[in-house]
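Here the structure is laid out as structure tokens; the discussion comes afterwards.
The values are calculated or read from the model by the stated rules, or taken from the named source; none is laboratory data. Quick caveat, the model's predicted, so the values are computed rather than measured. Ideal geometry is used to build each Cβ from the backbone, glycine not excepted, and the neighbour counts take in all protein chains shown. To get the accessible areas, we keep the full protein, side chains included, count just its heavy atoms, and leave off ligands, DNA and RNA. Shrake-Rupley method; radii C 1.70, N 1.55, O 1.52, S 1.80 Å.
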Amino acid sequence: MNHALFLHILRVSVFFFSGLALASPAHDGLSVPTHLQQGQLVIGHAMPGSEIDFDGHKLRVAGDGTFVFGLERDAPPAATLTVHAPNGKSSSVTLKVDKRQYHIERVEGLPQKTVTPDPQTAARIEREQAAVAAARRRDDAREDFLHGFAPPVQGARISGVYGSQRIDNGTPKAPHLGLDMAVPVGTLVHAPAPGVVTFAEPDLVLTGGTVLIDHGFGLSSSFLHMSRLDVKAGDRVERGNVIGAAGMTGRASWPHVHWGFNWFDVRLDPALLPRPSR
């Protein structure tokens with residue numbers, strides 16, 4: 001492991017096991033975390049009854065003023081929220097977003113058909129990814145995300161980090177947008193937070209055994225390369241429930257759990273998620 005990757009994984013571990021900074025003092029009833037960076041889930045609070053816009057999205061605001069949004073991998077250095085208060089007053093708040101450094105990660109030994117697929121396989125991949133994307137468009141008022149997220153497996157070695165530029169079998173591919181945890185095949189995988197299973201398929205070309213759990217407000221966890229699925233679409237799960245077992249199905253060269261996290265179609269860093277509060 002090179003020195004840069006070691007330092008990056010160390011920083012990930014600090015965030016993953018210590019949680020996020022406390023919220024800033026309210027600005028016209030608005031409260032958000034004090035430190036924002038690319039890839040982060042942002043959970044904030046506003047005056048109940050407010051309407052909030054971010055990056056062309058009208059955010060869902062709960063009865064108590066809770067709202068969420070996500071900062072993508074290459075988010076610009078400033079994020080602007082436009083808040084329309086119940087009293088008719090509108091204001092804009094600009095938030096500083098720290099830039100992150102991403103390393104290059106080379107992966108060898110992947111099934112070649114998953115790296116440079118033939119036309120038939122490419123068409124299948126497109127259909128499968130469209131189905132996954134549809135599941136991520138769900139927007140419920142459930143607040144299953146409020147009490148934080150636990151690791152889906154305990155004590156695992158972090159073998160892949162969010163944001164790294166992937167070179168697969170020598171071919172440049174899209175950045176790696178999740179957290180990989182190296183564990184033996186068959187290791188039980190647990191739901192990190194409550195939610196509803198919106199997708200569960202055992203044999204996708206790229207991601208193999210795949211499970212999506214929706215946590216409300218457009219937030220979802222995804223678990224890839226699983227060897228066994230113990231849930232089906234529509235199931236309700238609680239934090240700690242077993243959802244299946246780790247594997248190396250799909251485009252994988254070693255046994256691991258890939259944990260992805262989304263705000264709708266925005267890929268976020270699971271290592272930056274808040275830890276359980278209870």
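Under 5 Å between amide H atoms, partner at least 5 residues away or on a different chain: which partners does Leu110 have, H built in plane at 1.01 Å?
Asn169
Could you sort His84, His45 by accessible area so the largest value comes first, with the probe set to 1.4 Å?
My answer, sorted largest first, is His45, His84.
Would you work out the charge dipole size for region 92-139 about its Cα centre, treating the Cβ of every Lys and Arg as +1 and the Cβ of every Asp and Glu as -1, and quote it to the nearest 20 debye?
240 debye
Determine the distance separating the Cα centre of region 136-200 from the Cα centre of region 256-271; give it in Å without decimals.
Answer, in whole Å: 5.
Given H placed 1.01 Å from N in the peptide plane, which residues other than close sequence neighbours of Tyr162 have an amide H under 5 Å from its amide H?
Those lying under 5 Å, H to H, from Tyr162 are Gly178.
Considering only Thr80, His190, Thr94, whose Cα is most displaced toward the positive end of the charge dipole of the chain, charges sitting on Cβ of Lys, Arg (+1) and Asp, Glu (-1)?
His190
So, with +1 on the Cβ of K and R and -1 on the Cβ of D and E, and no other charges, what is the size of the charge dipole of region 224-272 about its Cα centre, to the nearest 20 debye?
Roughly 100 debye for region 224-272.
Could you tell me the convex hull volume per residue, in Å³, taken over the Cα atoms of region 45-157?
It comes to 189 Å³ per residue, whole-number rounded.
Based only on Cα atoms, what mean projected area does the convex hull of region 139-278 have, in nm²?
Approximately 7.7 nm², given one-decimal rounding.
Give the relative contact order (percent, whole number) for the chain; include only Cα pairs under 8 Å separated by 6+ residues.
20 percent
Calculate how steeply helix 119-135 sits against the longest principal axis of the alpha-carbon atoms of the chain, using the helix alpha-carbon long axis, and give the answer as 0 to 90 degrees to the nearest 10.
30 degrees
Taking the DSSP beta bridges in the chain as the whole, what percent of them are antiparallel, to the nearest 5?
Taking every DSSP beta bridge with both residues in the chain, the antiparallel ones total about 90 percent.
In units of 2.2 N^0.38 Å, what is the alpha-carbon radius of gyration of region 220-278?
Working it through for region 220-278, the quotient is 1.23.
Send over the Kirkwood Rh of region 129-181, from the inverse of the averaged 1/r over different Cα pairs, rounded to one decimal Å.
For region 129-181, inverting the mean 1/r across all distinct Cα pairs yields 14.3 Å.
With +1 on each Lys and Arg Cβ and -1 on each Asp and Glu Cβ, how big is the dipole of the chain about its Cα centre, in debye rounded to the nearest 20?
Magnitude of the dipole: close to 360 debye.
Can you give me the long-range amide H partners of Leu95? Hydrogens built in the peptide plane at 1.01 Å from N, cutoff under 5 Å, separation of 5 or more residues or another chain.
Ala79, Thr80, Leu81
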